[in-house]
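Chemist: Before I ask anything, let me first share the structure, which is written out below as structure tokens.
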Amino acid sequence: MCGIVAIVRSTTPEENGSESLPEVLISCLNKLEYRGYDSAGIALGRVEEGGASLVDSDTKRPTIERFRAAVSTRSLEELKKLLEPIAHTTHAPTGNYNRGIGHTRWATHGRPSERNAHPHQDCSGSIAVVHNGIIENWRELADELTATGHHLESETDSELIAHLIEEETSDVDLLEATRRATKRISGSFAIAIMDANSPNSLVVVRRLSPLVMGTGKGICMTASDIPALLGLADTYYVLEDDEIAEISPDSIRVFDLNGDTRELHPILVSWDISAAQKSGYDDFMGKELNEQPTAIKDTLLGRVATNGSLTMDETRIDDDALRDVDKVFVVGCGSSFHSGLIAKYALEHWARIPTEIDISSEFRYRDPILNSSSLVVGVSQSGETMDTLRAISLAKSSKTKVISISNVVDSSITRHTGGVIYTRAGPEVGVAATKTFSTQIIALQMLALYLAQLKGLLYPDEIKTILEQMRTLPDLMQIALDRSEKVLTVAEEIASKRDLFYIGRNTGYPVALEGALKMKEIAYLRAEAYPAGELKHGPIALIEPGTVVIAVATRGRLWEKMHANISEVKSRGATVVGIINDEDDQTASLVDYALFVPRTPPLLDAVVDIIPLQLLAYHMAKLKGFNVDRPRNLAKTVTVE
Ligand code: AGP
């Protein structure tokens with residue numbers, strides 16, 4: 001998840017204190033470090049005494065100074081080194097730095113490198129932009145811009161914004177040019193723009209991506225998140241969707257995208273820096289599981305054409321070759337394996353392709369039957385899991401088609417596979433996968449739909465309908481997340497239990513597996529998941545009075561058969577917690593504790609149904625006083641066999 005910051009301040013020494021603007025920008029970027037990044041950059045503007053933009057001695061034009069670095073060490077040291085010669089420039093004879101924009105980049109388009117690092121500039125070098133978000137129509141825009149003679153330097157979607165603004169600046173000011181350019185963009189964005197020809201202000205605009213603003217004495221600033229502003233601002237504001245603002249040291253002017261004036265309302269901020277970096281949550285897992293609706297929106301962005309069909313050329317396999325696929329293997333470990341188990345139902349139902357889901361460490365040693373018509377999909381949020389990388393190597397050596405699904409741009413798995421579908425969940429710090437898991441499910445299901453589209457197995461309007469249904473999922477997930485307090489009360493009731501059983505049918509079975517994995521990982525409880533129909537073939541012998549059984553019993557999942565399974569364990573004295581659809585009184589009457597979730601369209605229920613199970617593990621771990629972000633014996637990335 002990229003972080004942006006933009007500052008414009010007065011050049012009066014009394015108002016600025018002793019820190020130079022480059023130092024202030026670096027310290028703001030440091031405070032956004034928790035968002036994760038692989039490159040960083042800053043652009044600065046100076047003014048002469050009297051407030052005019054400083055003019056470059058060679059070109060005789062107002063200038064912007066830009067510093068960018070790929071930060072392999074995941075610290076800002078490389079960028080700081082570049083800034084060293086000017087780092088302490090507060091009041092120089094060559095003009096004072098009065099405005100700057102900065103960026104930490106978490107790659108989504110184009111690999112991490114200096115060339116792809118922000119700020120990006122237009123052809124003339126007068127405009128510099130930093131951007132957080134995803135431009136959905138970047139392909140069309142890139143074609144239009146290159147056709148009109150723009151030279152695109154990077155592989156990013158963000159650079160287009162600078163050129164779009166450049167196209168508009170000939171007869172209007174930066175604010176108006178940005179407003180016009182924004183109308184051509186679809187997707188999510190928080191953008192800060194600096195113009196060498198506008199010496200005393202910056203422009204910012206947002207849609208869907210976050211942007212907060214702050215003012216202090218002689219300073220106005222904006223950033224992706226509150227931590228960057230702490231210690232510098234004394235009043236805080238939030239810029240709303242589709243609002244654009246011009247900020248200067250002593251004023252903020254806000255408009256909507258039609259040019260009508262809007263009012264800014266101050267917000268109360270009482271967080272310290274550590275709370276602010278977790279958006280007010282106690283821990284990263286809490287923050288990340290609550291980010292799931294936004295993460296799913298980002299996974300869906302940019303992959304649906306205007307006619308409602310899917311575009312997934314990121315697989316880098318041509319359409320005919322994909323049409324030939326007669327068998328899919330999904331390989332992964334832990335939660336990534338579970339996301340594959342869930343997607344199997346979509347791959348077989350929509351695309352009618354026989355699908356096997358394998359644990360990577362088993363796949364590599366079991367002599368799988370692979371040929372050129374097989375498609376192997378390696379799923380790894382980190383992209384560094386050794387067993388999955390080895391499984392991919394095995395597939396490649398068998399001349400099989402191989403793609404990966406990952407959350408980390410340029411990770412090892414993405415370098416080993418031609419095509420990659422990025423999940424775009426943003427960095428996940430908590431060891432227990434939450435948002436990377438749910439976005440993997442959506443990425444795999446989009447792949448299933450894409451294969452069905454290529455094979456002509458679903459009508460265009462059916463695909464359109466399913467994609468529309470997918471777009472309703474973030475709201476349904478939010479409803480489930482908003483019921484966290486109810487999950488806490490259930491966690492309190494069962495907190496003393498040591499053994500938990502999870503049961504489900506159809507996609508409810510891998511959801512049960514994932515729920516049990518979360519409980520083991522962070523609450524250290526013996527939690528075992530079974531297909532509900534398997535209970536009577538052995539595990540039911542373990543059920544005794546007081547045993548807790550968690551039943552994923554939402555509709556559509558062989559619902560009536562689940563009733564029978566619930567009755568089987570109830571009659572042996574189990575305490576049953578049911579994951580049940582809203583208004584399903586019938587199932588609710590069978591269980592001891594009902595955790596309700598909204599009803600979802602067929603095959604799309606996993607990302608909603610998993611939420612109470614993630615929350616249950618989370619609350620159980622917290623009630624026991626465990627560190628949910630760093631559970632014992634576990635690493636976020638498993639780079640050994
Ligand atoms: C999930 O909560 C775990 N931390 C773990 O099972 C994880 O999913 C597994 O190690 C795979 O990681 P990867 O997706 O980075 O390959």
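Chemist: Which links in 31/80; 81/217; 344/455 stretch past 19 Å when you go from one Cα to the other?
Modeler: In this structure, 81/217 exceed 19 Å between Cα atoms.
Chemist: Along each principal axis of its Cα atoms, how long is region 484-623 end to end? Whole angstroms, biggest number first, please.
Modeler: Per principal axis, max minus min of the Cα coordinates gives 33, 32, 24 Å.
Chemist: By the scheme Lys and Arg +1, Asp and Glu -1, what is the net charge of all other residues having a beta-carbon under 10 Å from that of residue 299?
Modeler: My count for the surroundings of residue 299 gives +3.
Chemist: Got a sec to turn the phi values of region 538-543 into Karplus ³J(HN,Hα) couplings, 6.51 cos²θ - 1.76 cosθ + 1.60 with θ = phi - 60°, whole Hz, x for Gly and Pro?
Modeler: x, x, 4, 4, 7, 7
Chemist: May I ask you to order 350-357, 525-532 by the average number of other C-beta atoms within 10 Å around their residues, highest value first?
Modeler: Highest mean packing first, the order is 525-532, 350-357.
Chemist: Give the shape of region 347-410 as rounded, prolate or oblate, defined through the alpha-carbon gyration tensor: a ≥ b ≥ c are the square roots of its eigenvalues, a/c under 1.5 means rounded, and otherwise the shape is prolate if a/b is larger than b/c and oblate if not.
Modeler: In terms of gyration-tensor shape, oblate.
Chemist: Can you list residues from other chains, or at least 5 along the same chain, whose modelled amide H is less than 5 Å from the amide H of residue 304?
Modeler: Amide H to amide H, under 5 Å and 5 or more residues apart or across chains, residue 304 pairs with 311.
Chemist: Now for a different question. Which semi-axis lengths, in whole Å and largest first, follow from the square roots of five times the eigenvalues of the Cα gyration tensor of region 57-203?
Modeler: 25, 21, 13
Chemist: Return the Cα extents of region 284-481 along principal axes one, two and three, sorted largest first, each rounded to a whole Å.
Modeler: So the three principal-axis extents are 44, 40, 26 Å.
Chemist: How big is the charge dipole of region 3-276 about its Cα centre, in debye rounded to the nearest 20, if each Lys and Arg gets +1 on its Cβ and each Asp and Glu gets -1 on its Cβ?
Modeler: About 520 debye.
Chemist: At 1.4 Å probe size, with every protein chain present, just tell me what the per residue accessible area of the chain comes to in Å².
Modeler: 38
Chemist: How many angstrom lie between the Cα centre of region 149-197 and the Cα centre of region 211-285?
Modeler: That distance is 22 Å.
Chemist: Compare the peptides 155-163, 77-85 by average per-residue count of other Cβ atoms within 10 angstrom and give them in order, highest first.
Modeler: 155-163, 77-85
Chemist: For region 347-373 and region 506-522, write down the distance between their C-alpha centroids in whole Å.
Modeler: 22
Chemist: Take the solvent-accessible surface of the protein heavy atoms, probe 1.4 Å, and return the percent of it on the chain that carbon and sulfur atoms account for.
Modeler: Its accessible area is 48 percent carbon and sulfur atoms.
Chemist: Let me ask something else. Where the convex hull is taken over the Cα atoms of region 162-320, what is its projected area averaged over directions, in nm²?
Modeler: If I average the Cα hull's projected area over directions, I get 12.7 nm².
Chemist: I would also like to ask the following. Check residue 262: other-chain or 5+ apart residues with amide H under 5 Å from its amide H, H built from backbone geometry?
Modeler: Sorted by chain and number, the residues that satisfy this are 254, 255, 256.
Chemist: In deg cm²/dmol, rounded to 500, what helix-only [θ] at 222 nm does the chain give when every DSSP H run of at least 4 residues adds -39500 (n - 2.57) and the total is split over its residues?
Modeler: Taken over the chain, the calculation gives -10000 deg cm²/dmol.
Chemist: Going highest first, how would you order 617-630, 411-424, 360-373 by mean Cβ packing within 10 Å?
Modeler: 411-424, 617-630, 360-373
Chemist: Size of region 3-276 along its principal axes in angstrom, Cα-based, largest extent first?
Modeler: Its Cα atoms span 49, 45, 41 Å along the three principal axes.
Chemist: Calculate the radius of gyration of the Cα atoms of the chain to one decimal place, then report Dmax, the largest Cα-Cα distance, as a whole number, both in Å.
Modeler: My reading of the Cα-based Rg and Dmax gives 26.2, 87 Å.
Chemist: Also, I was wondering about something else. Kindly state, as a whole number, the per residue volume in cubic angstrom of the convex hull around the alpha carbon atoms of region 376-492.
Modeler: Spread over its residues, the Cα hull of region 376-492 gives 139 Å³ apiece.
Chemist: Could you tally the net charge around residue 479, taking each other residue with its Cβ under 11 Å from the Cβ of residue 479, Lys/Arg +1 and Asp/Glu -1?
Modeler: Around residue 479, the surrounding residues sum to -1.
Chemist: Also, quick follow-up: Rounded to the nearest whole Å³, what is the per residue volume of the convex hull around the Cα atoms of region 571-636?
Modeler: 146
Chemist: Here's another thing I want to ask about it. Against the empirical 2.2 N^0.38 Å scaling, what ratio does the C-alpha Rg of region 374-415 come to?
Modeler: Dividing the Cα Rg of region 374-415 by 2.2 N^0.38 Å gives 1.03.
Chemist: State the extension gain, in nm to one decimal, for the chain segment bounded by residue 250 and residue 486, taking 0.36 nm per residue of separation less the distance between their alpha-carbons.
Modeler: 80.3 nm
The values are calculated or read from the model by the stated rules, or taken from the named source; none is laboratory data. What you see is a predicted model, and the numbers here were worked out from it, not measured in a lab. All Cβ positions, glycine included, derive from the backbone under ideal geometry; neighbour counts span all protein chains shown. Heavy atoms of the whole protein, side chains included, go into the accessibility calculation; ligands, DNA and RNA do not. Shrake-Rupley method; radii C 1.70, N 1.55, O 1.52, S 1.80 Å.
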